[in-house]
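Student: Have a look at this one before I ask anything.
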Amino acid sequence: MFKKVLVVAVFFSALAALYASNKSEATPSEVKSPKVECPNNGECCKATATPTQAENAIKRSPRPADAEVYIISPKDGDVVGKEVKVVFGLKGMGVAPAGINLPNTGHHHLLLDVDKLPNMALPIPADKNHLHFGKGQTETVLKLEPGKHTIQLLLGNYLHIPHEKEVISKKITITVK
């Protein structure tokens, strides 16, 4: 019993010491760093940040002036089935997985039925409308409900943040029959 109490006391003492050594003058509400996680089991990566001073602290990556991202297929106005293969195109830059910081590279994010673009100073959200391809994928198959849908590509850097001058495709509309 004494050993268990001693282990618990040592653990909490170490935890308190660690907390005290990591304290800074800024409070958590003043500065929040982006949290980026890239799970190994899928296409999506989660990216979150609070738009406070972190917005000013995040340095966006530069990109070549001739960089361009585009959708190879489907084409704007196409009528497609419920499963549609989307092929991504990129010119003037390379593709690198999330977490790999190489100059003039990024990875694809597919914006599905998005009316308002995300905040370009923060990591791109990860949800059913903002699909992340953090492993460097250059195509996907979407399963969509019948009706009209819009798709658009946005390149993000190694932290899922759009480049200084966004690399974003034209928004296209497809109809699922």
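The values are calculated or read from the model by the stated rules, or taken from the named source; none is laboratory data. Note that the structure is predicted; figures quoted are calculated from it, not measured. Here the Cβ positions follow ideal geometry from the backbone for every residue, glycine too, while neighbour counts run over all protein chains shown.
Student: Picking from THR150, THR140, which residue would you name as being of a type in the set (Ser, Thr, Tyr) and in contact with a Ser or Thr (Cβ under 7 Å, 6 or more places away or on another chain)? Steps first, answer last, please.
Tutor: Details: THR140 fails: in contact with a Ser or Thr (Cβ under 7 Å, 6 or more places away or on another chain).
Testing whether each residue is of a type in the set (Ser, Thr, Tyr) and in contact with a Ser or Thr (Cβ under 7 Å, 6 or more places away or on another chain) leaves just THR150.
Student: Another question about this same structure. Out of the residues in region 140-176 that are under 25 Å from GLY106 (Cα atoms), aliphatic (A, V, I, L, M) and in a strand (DSSP E or B), state the one that is farthest from the chain's Cα centre (by Cα).
Tutor: That would be ILE172.
Student: If I filter region 75-90 for residues that are in a loop (DSSP other than H, G, I, E, B), under 19 Å from ILE161 (Cβ atoms), modelled with pLDDT of 95 or more and out of contact with any Lys or Arg (no Cβ under 7 Å at 6 or more places or on another chain), do I get at least one hit?
Tutor: Residues of region 75-90 in a loop (DSSP other than H, G, I, E, B): 75-78, 81-82.
Narrowing the set further to residues that are under 19 Å from ILE161 (Cβ atoms) leaves none.
No - not one qualifying residue is present in region 75-90.
Student: What are the pairs, 6+ residues apart or on separate chains, where a residue within region 139-153 that is farther than 9 Å from LYS85 by Cα has its Cβ under 7 Å from a residue that is polar (S, T, N, Q) and surrounded by 10 or more Cβ atoms within 10 Å (Cβ to Cβ)?
Tutor: Sorted first by the residue in region 139-153, then by its partner, the pairs are LYS148/THR173; LYS148/THR175; THR150/THR173; GLN152/SER169; LEU153/SER169.
Student: I'm trying to understand the selection: among the residues of region 133-158, which are exposed (fewer than 15 other Cβ atoms within 10 Å of the Cβ) and closer than 15 Å to VAL69 by Cα?
Tutor: THR138, GLU139
Student: Within region 163-175, how many residues turn out to be under 18 Å from ASP115 (Cβ atoms) and either touching a Pro at 6+ places or on another chain (Cβ under 8 Å) or of a type in the set (A, V, I, L, M) (or both)? Give the derivation first.
Tutor: Taking region 163-175 and keeping what is under 18 Å from ASP115 (Cβ atoms), we get 166, 168-175.
Then drop every residue that is not either touching a Pro at 6+ places or on another chain (Cβ under 8 Å) or of a type in the set (A, V, I, L, M) (or both), which leaves 168, 172, 174.
The total comes to 3.
Student: Quick one: which residue in GLY94, GLY99, GLY106 is small (Gly, Ala, Ser), crowded, with 18+ Cβ neighbours inside 10 Å and at pLDDT 95 or above?
Tutor: Details: GLY94 fails: crowded, with 18+ Cβ neighbours inside 10 Å; GLY99 fails: crowded, with 18+ Cβ neighbours inside 10 Å.
So the residue among GLY94, GLY99, GLY106 that is small (Gly, Ala, Ser), crowded, with 18+ Cβ neighbours inside 10 Å and at pLDDT 95 or above is GLY106.
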